[in-house]
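Below: one structure, written as C-alpha cells.
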Ligand code: PLP
C-alpha cells in the first residue's frame, strides 16, 4: 500500500472495538451489560435539543466562523467567569467538533521528530496515539494506585528535558476517576516557572464531574502559565451530548491564529445548530446536570462497595468522572484476558487497563454510566466469573 509511514503509528480507542464486539454478541442473542463505553446514559436535556431544532428551523444552515459563533464563545467565557472567577477573552476560545480535536491540534502543533511530549499513563489512549503520529516521543507520566492515580508533581518535573515541548494533564481522569489535589497542581505550576518554553495541555472534559464536594481546579486559575496553556473542555460529558460533537478549547494569544488555521484546514467549522444548542446548555437550566451527577454518585458508591466486597479485587474510590478502575491483578488474569473473558463468558463489557497505556496492566475500567440495576447485575456476574476462574 502506498500510504504514508506515519499511518502505521496511529493508534485507536479500544472502547469502540469493545462496543462493536458487544454489539455482535448481542446480535447473536447474548444479554450484554455495557460498562465499557464512556458516555452518560442520560438523554440530552430537552431544552438543549429544542434549541438545536429551533436553530435549524431558524435557518442556521450555513458555515459559521471557523472559531465558532461569538455568542457561544461569550457564553463559554461567562461560564468560566461564573464557575472559576477567571476572566477570559472570548477570542481565546475556539469551538471544536468535540473535546478530542483540541487535543489533536495541540499535539500536532508541538509534536515532531526530536520533540518529547509528556502524557498521563494510564490515560486517554488518543494522547499516545497522536503523539506517535506526530513523530514526537511519548514520555509517560505514571499514574499509580498508591497516589490515588494522581500525578506526583516532582516526578512530572523530573521528566522534563530540553526536548520537552508539551505536558498533557487530565483531571478528573479517564480511565481512573482520579482527581489531582490542588497542592500538587500548585507545586507543578511553581516548578514549571523553571521551564518557560514548555507548554501545557490541560484536558478538563470532566471538570463538572467531581464528587464529595470536591472542587475542580482549572489550570486557567494560574495566570503565571496562561500564556502557554491550552485547555480542553466541552459539552459531551456534562450535558450528555457525546454524539453532537461539540467542545471548546482555550488557546493563548500566540496560538489562536495557528489553531484557527487548523480548524479551517480540517473541518471549516462546527455545524451551526449544534453551536446554538451549546448556548442553551450553558445558559439554560442546570438542574439536569445536577440530577445526573446525583445519579452517578449513587452508582459510584454501589460499584465501589460491590467491587471491594470481592476477595481478589480492590478499588480506589473514584473522585471524578464516571469510571472505576479496580485492581484485578490478584485474579491471576492479565487485563486483556480479563476484559475478553468477562465479555465473552458473562456478557459484561469493560475495558482492559492496558488500553490506556502500559501502566494500566493489572487494572480494568468499569464505566458506571449505566443503571443501578445493570451495575448490580454486572457485579453479580463478576462474582460468578471470579468463582469460575478460581475453581
Ligand atoms: N478527553 C478525555 C479524557 C476523554 O475521556 C474524552 C472522551 O472520552 C475526550 C477527551 C473526548 O471527548 P469528546 O467526545 O468531546 O471528543
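Couple of notes before you dig in:
- Residues (out of contact with any helix residue (DSSP H, G or I) (no Cβ under 6 Å at 6 or more places or on another chain) and on the phi < 0 side of the Ramachandran plot) located in the range 259-268: 260, 261, 263, 264, 265, 266, 267
- Filtered residue count, the range 332-345, keeping only those that are surrounded by fewer than 21 Cβ atoms within 10 Å (Cβ to Cβ) and not in a loop (DSSP other than H, G, I, E, B): 6
- Within the range 193-211, the set of residues being under 20 Å from the mean Cα position of the chain (by Cα) and either away from the ligand (no atom under 16 Å from the Cβ) or free of Cβ contacts under 8 Å to residues at least 12 places away in the same chain (or both) comprises 199, 211.
- None of 154, 91 is in contact (Cβ under 8 Å) with a residue 24 or more places away in the chain, surrounded by fewer than 17 Cβ atoms within 10 Å (Cβ to Cβ), away from the ligand (no atom under 15 Å from the Cβ) and closer than 19 Å to residue 258 by Cα except 91.
- The set of residues in the range 2-18 being more than 17 Å from the chain's Cα centre (by Cα) and within 16 Å of the ligand (Cβ to nearest atom) consists of 17, 18.
- The requirement of being part of a loop (DSSP other than H, G, I, E, B) and within 22 Å of the chain's Cα centre (by Cα) is not satisfied by residue 31.
- Within the range 168-179, not a single residue is buried (at least 21 other Cβ atoms within 10 Å of the Cβ), more than 16 Å from the ligand (Cβ to nearest atom), modelled with pLDDT of 95 or more and assigned by TED's automatic domain parsing to the domain that holds residue 115.
- Any hit, the range 96-109, residues being at pLDDT 95 or above and away from the ligand (no atom under 16 Å from the Cβ): yes
- Count - residues of the range 116-127 that are more than 17 Å from the chain's Cα centre (by Cα) and either surrounded by fewer than 23 Cβ atoms within 10 Å (Cβ to Cβ) or within 15 Å of the ligand (Cβ to nearest atom) (or both): 1
- Restricting the range 234-260 to residues that are in a loop (DSSP other than H, G, I, E, B) and either away from the ligand (no atom under 14 Å from the Cβ) or closer than 14 Å to residue 91 by Cα (or both), the residue that is nearest to the chain's Cα centre (by Cα): 251
- In the range 269-298, the residues that are part of a loop (DSSP other than H, G, I, E, B) and touching a helix residue (DSSP H, G or I) at 6+ places or on another chain (Cβ under 6 Å): 284
- Hits in the range 260-315 - residues which are closer than 19 Å to residue 49 by Cβ and in contact with a strand residue (DSSP E or B) (Cβ under 7 Å, 6 or more places away or on another chain): 270, 275
- The one condition in (1) within 16 Å of the ligand (Cβ to nearest atom); (2) under 23 Å from residue 191 (Cα atoms); (3) surrounded by 20 or more Cβ atoms within 10 Å (Cβ to Cβ) that residue 130 fails to fulfil: (2)
- Residue 184 being in the same structural domain as residue 251 (by TED's automatic domain parsing) and more than 16 Å from the ligand (Cβ to nearest atom): yes
- Residue 321 passes every criterion in (1) on the phi < 0 side of the Ramachandran plot; (2) within 16 Å of the ligand (Cβ to nearest atom) apart from (1).
- Residue count for the range 176-204, restricted to those that are within 19 Å of residue 293 (Cβ to Cβ) and in contact with a helix residue (DSSP H, G or I) (Cβ under 9 Å, 6 or more places away or on another chain): 4
- Members of the range 34-66 found to be in a helix (DSSP H, G or I), touching a residue at least 60 places away in the same chain (Cβ under 8 Å), more than 26 Å from the chain's Cα centre (by Cα) and surrounded by fewer than 20 Cβ atoms within 10 Å (Cβ to Cβ), listed by number: 50, 53, 54, 56
The values are calculated or read from the model by the stated rules, or taken from the named source; none is laboratory data. Because the structure is a prediction, the values reported are computed rather than measured. Positions of Cβ are backbone-derived with ideal geometry, glycine not excepted, and every protein chain shown enters the neighbour counts.
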